[in-house]
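The values are calculated or read from the model by the stated rules, or taken from the named source; none is laboratory data. Since this is a predicted model, take the numbers as computed values, not measurements. All Cβ positions, even for glycine, are placed from backbone atoms using ideal geometry, and neighbour counts span all protein chains on display.
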Amino acid sequence: MLYFGLVKAVEAARSLKNQKEPGSAASLNHSGRLLRRCRALCSDRPEVEVEAELVLDDSDGAAWLHKHCPEHGLERAMVARSGWYLEGLDDYYYRLNPGPSRPDPRRLSGHVLYLTTMRCNFRCPVCFLELDREKELTESIEAPSLDQIRELVGRFRGWRAEIFPLGAEPTMRPELPEIIALIRRSGNYPVLVSNGERLRDARFFRCLVDAGLSKLVLSIDALADPQVEQQFRGRQVERSKFQVLELARKFGLPVQLERCMARGINDDDLNAHLRLARGFPMVHNLVYRSYLDVGSCSSSFSREHQLLPDEIVEALGRANPELAMRDFYVFQKLLYALCRITGMPRCHRTQALFVPRDAAPPLAEVLDFETLEPILERFAEDTPAKPRRAAASLLAWLGRRLVHRPDLLYVFGLQGLRRFSYPERHYPNSYLSVCVSSLYDAATYHATGVWRCHSVWHHGGKPEDFEPFCKVILDSSRFKRRLLHYQQSAGRS
Ligand code: SF4
Ligand SMILES: [Zn+2]
């Protein structure tokens, strides 16, 4: 039954998601409205940038990238099934932030350092690193030494940013406590993305917390569904992840809980994770993330399993009135407005909303989203001519709304609080952050959009030498070859 449903869903998606006219440079003859011109990537050769247009198709209401590859002809890739959602947000964002931009590295919220180890105790079918593929290449990538990491971390001294010492699985690196301590001592916040297996050892976990770990990112893709666990992780992991969550609660460590989703496999029962997150006060963020197809991820998944961000937002709204798509829409506009005021970049593919954990009123009520939307419109109209006055007026309105709900202030001030060295473990948590996140793949990559990313990859050069994370991992083999190159080059440390 599951298999039949999956085949149907995947076939439907395949017919819609990517269409090609080999060799044709002419239009695909679809009625549509041009939203913007941009640059995209050839899906077959992601290293090649091509001219493209973002188009809203009147016949299906979806937004598509029309890509013109000199070698492969014209290709259409769907970037949003609900075109109105993308059109409205895209338009709002670019009205506030016209022109190309390269973000100021100090204003980014997340910095990924190059790999601390290529070793992992799992072999997840959804892993973008594909550790067993091109074994020789994978094994030839050496982990940087502690001295090299010390030097690299030193370049971010005092930034008060979240720094991710990424792995494969970082807990496989024996010096992880030292790496965490180094990041913390540099005046930044170490965030660990882990499969959790080694964290079941309470002494080891405690040691990382004592070294200064500020947050753990943990994925639980399925609840009470061993078949899905097997498909995603190649083993049963739910029980051990719950052990880790309990330990995080005991140690008072904030957790970002993630659910990786794939079309037709686990894109139902979305409320289960919300219930789980609400029950664990240390879960500060719940992220619904799409499986990412980075080329040849594994034999069991393909591009058709990938969900677009608006598809996840819509599914959440259908499952739960607290996560209505319209509320996501208004709240993203507010976030874009605040990012314009603070100068912080924000990825278009990440959508966020805050839901009350228990008795607190919903955000749409506190901020009265119906009144807020015209205020945000006025902010966008006034900003080009009088940015300060527009900002003051929006902030004053927000202040009046939030004065009776100081517990909500942190929703808007996470970055600010961090910059005052206020640890996340002490943030009030009467509201839970729910995010929808999906990195760009080669089909949906959009050169302008990707540079609005708030989280980037540093390969060991100067702190200014970063690239959007999505851009770096578009193709796992290329990513590994680049890693090898960075590590062999003189600029490695
Ligand atoms: S635990 Fe992480 S690094 Fe290891 S195989 Fe799974 S996804 Fe890849
Ligand atoms: Zn091409």
(message) What are the pairs with Cβ atoms under 7 angstrom where one residue, in segment 112-129, is modelled with pLDDT under 80 and the other, located anywhere, is within 16 Å of ligand 2 (Cβ to nearest atom) and not acidic (Asp, Glu)? Sequence gap at least six, or different chains.
(response) none
(message) For the condition among the acidic types (Asp, Glu), closer than 21 Å to LEU208 by Cα and exposed (fewer than 15 other Cβ atoms within 10 Å of the Cβ), what is the one hit in ASP147, ASP132?
(response) ASP147
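Going through segment 221-230 one residue at a time, which ones are part of a loop (DSSP other than H, G, I, E, B) and over 16 Å from the mean Cα position of the chain (by Cα)?
So the first thing to find is which residues in segment 221-230 are part of a loop (DSSP other than H, G, I, E, B), and the list is 221-225.
Across segment 221-230, the qualifying residues are ALA222, LEU223, ALA224, ASP225.
Results for (1) assigned by TED's automatic domain parsing to the domain that holds GLY399; (2) surrounded by 15 or more Cβ atoms within 10 Å (Cβ to Cβ); (3) under 20 Å from the mean Cα position of the chain (by Cα); (4) part of a helix (DSSP H, G or I), shown as yes or no for each residue.
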{"residue": "ALA352", "(1), (2), (3), (4)": "yes, yes, yes, no"}
{"residue": "PRO361", "(1), (2), (3), (4)": "yes, no, no, no"}
{"residue": "GLU370", "(1), (2), (3), (4)": "yes, no, no, yes"}
{"residue": "ARG378", "(1), (2), (3), (4)": "yes, no, no, yes"}
(message) Within segment 192-220, take every residue that is in a loop (DSSP other than H, G, I, E, B) and closer than 13 Å to GLU246 by Cα and give me the one that is nearest to ligand 2 (Cβ to nearest atom).
(response) GLY196
(message) Contact list please: Cβ distance under 8 Å, first residue in segment 188-217 and touching a residue at least 60 places away in the same chain (Cβ under 8 Å), second residue of a type in the set (Ser, Thr, Tyr) and surrounded by fewer than 18 Cβ atoms within 10 Å (Cβ to Cβ), pairs at least six apart or on different chains.
(response) GLU197/SER240
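Going residue by residue through segment 43-53, is there one that turns out to be part of a strand (DSSP E or B), of a type in the set (Val, Ile, Thr) and at pLDDT 80 or above?
Yes, because at least one residue in segment 43-53 is part of a strand (DSSP E or B), of a type in the set (Val, Ile, Thr) and at pLDDT 80 or above.
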(message) Please go through segment 54-87 and give me each residue that is within 24 Å of the chain's Cα centre (by Cα), within 16 Å of ligand 2 (Cβ to nearest atom) and in a loop (DSSP other than H, G, I, E, B), ordered by number.
(response) none
(message) Against the condition surrounded by fewer than 20 Cβ atoms within 10 Å (Cβ to Cβ), of a type outside the set (Phe, Trp, Tyr), modelled with pLDDT of 90 or more and closer than 30 Å to ALA202 by Cα, how does GLU322 come out, does it pass?
(response) no
(request) Can you tell me which residue among GLY234, GLY317, GLY264 is surrounded by fewer than 18 Cβ atoms within 10 Å (Cβ to Cβ) and small (Gly, Ala, Ser)? (result) GLY234
(message) If I filter segment 292-307 for residues that are acidic (Asp, Glu) and either part of a loop (DSSP other than H, G, I, E, B) or outside the structural domain of ASP407 (by TED's automatic domain parsing) (or both), do I get at least one hit?
(response) yes
